[in-house]
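The structure under discussion appears below in the form of C-alpha cells.
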Amino acid sequence: MRRAFALRVLIAFGVITTLTTGAVVATNLGIDAKLGGIRRVDVAVRVAPMTAAQNYLLIGSDTRSFVKKSTDASRFGSANAEAGQRSDTIMIVRVDPKAHHALLVSVPRDLWAAIPGHGHQKINAAYNAGAQAMVSTVERNFGLPVNHYLEVNFESFRGIVDAVGGVHVTFDAPTYDICTGLHIHSAGTYRLNGEDALAYVRARHYYVVRNGRWVLADAIPDLGRIKRQQAFMREVASEAVRKSLNSPIRALRVVDALLPKLRADRRFGRAQVFQLLTVFQHVDPNDPRSIEMVTLDTQGGPRQQGADVLYLAPTAAGQLARLRSQPTTAPSAGASSTSGHPGAGASVTRRAAPPTTAAAGSRPVARPVVPVVEPPLPRQKCR
C-alpha cells in the first residue's frame with residue numbers, strides 16, 4: 001500500500017515537473033521570439049553584470065510620426081504641425097535584483113541641461129538630436145551610467161494600457177484638459193482604456209471643479225503631471241506582472257502585447273526581461289515602499305531663451321548618488337517621498353469590482369461619488 005502511494009506521488013511529481021519545465025521553456029522561447037522582432041535603437045550603453053544593479057533610461061517620446069487618422073490628429077497634432085520630437089517623459093529606473101527593489105527617478109522635462117554638441121537647452125530637447133544624444137545628456141549631467149535604454153511613444157503607450165486591460169483611476173471632482181482631450185464629467189472611479197489613460201498622464205493643464213468653478217490643480221504643471229504618471233505606472237506594472245505570474249500562457253500573452261510596443265537598445269534581452277519581472281512582481285500600488293518613486297529635486301532660477309526653466313536643487317545630489325554605485329534600499333515607512341500620490345484631484349487605485357462602463361469602444365463611465373453640476377468649461381491655450 002505504501003509502495004503504491006509512493007509510486008503515485010513520484011508519478012505525479014514527474015508529471016508536474018515535466019509540465020512546469022515545458023511551460024518555462026515555452027515562455028523562454030516565446031520571449032526570445034518577441035525579442036527578435038523588437039525595434040532596436042543604436043545607442044552605446046554601459047555593460048554590467050546581471051547580478052549588479054542596472055540603470056534603465058525610460059523615455060516617453062512625443063513624436064507624431066504615427067498619426068494617420070483624423071481622431072489622432074485632433075488629439076496630438078499631425079507630424080507636419082508638430083515637427084521634430086521631444087522626450088515627453090524622462091525616467092531613470094535603477095533595478096537591484098539582489099534586493100528585489102527598484103528606484104524610479106522622474107526628471108522634469110524643463111530642467112536646463114548641457115546637451116553634448118548642442119549647447120544648453122531644456123533636457124527634453126536632447127531627444128530631438130536622437131536617442132544617443134538623450135543617453136549622453138543623462139550621463140553627462142547626472143554623472144551616472146545608463147545600462148539599458150527603453151522607449152515608448154503615444155501609440156505604444158495606448159497599446160500597453162489596453163494589453164493589461166485598463167487601469168482604474170479615482171477622480172474626486174470633474175476634471176478637464178482640452179489639450180489632451182481629458183474630460184471627466186463626474187467624480188468617481190473609472191477604468192481608463194489606452195486612449196483615455198494617455199490623455200490623463202499627458203495632462204499639464206489639469207483643471208478640477210472646486211466650489212462651483214474650474215481651478216488649476218497643479219501649482220507647477222510638469223511636477224503635478226509627474227506624480228500622476230508615477231502612480232499610474234505603478235499600477236500598470238503591477239497589473240502586467242499579476243497577469244504574468246499566474247500562468248506561463250498569460251505571461252506569453254502579456255509579452256506578446258508589450259514587447260513589440262517598445263524600442264530598446266541592442267543588448268536588452270531575455271535576461272533583462274526576467275530581471276524586471278523579478279523586481280516588479282513585488283509591486284503593490286498601495287505600498288510606496290514596494291517600488292520607490294521620486295522626482296528629481298529642482299528649483300527655479302533665471303529664465304533661459306525667454307522661457308521658465310528648472311535647475312538641479314542641492315538635494316538632488318543625494319538622489320543621483322543612489323543611481324550610481326550605492327545599493328538601492330527601500331525607504332522606511334515614515335520616509336518622505338513623492339511616490340504614490342498622483343497629485344490633486346485623482347488617485348490610482350488597485351483593481352476592485354469593475355466600475356460601470358459604457359458600451360464596448362466608448363469612453364469609460366464613472367460611478368459617481370457626489371453629484372456635481374459641471375460649470376462652463378474653462379478657456380485654455382495649449383502650449
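Rule-based calculations on the coordinates, nothing more; no lab input. In this text, all values refer to a predicted model and were calculated from it rather than measured experimentally. Using ideal geometry, Cβ is built from the backbone for each residue, glycine included, and neighbour counts are taken over all protein chains shown.
Going from the residue with the fewest nearby Cβ atoms within 10 Å to the one with the most, 233, 50 rank 50, 233.
Spin-label pair residue 278-residue 242: with each label point 7 Å from Cα along the Cα-Cβ axis, the two points sit 2.5 nm from one another. Taking 0.36 nm per residue of separation and subtracting the current Cα-Cα distance, fully stretching the chain between residue 210 and residue 374 would add 58.0 nm.
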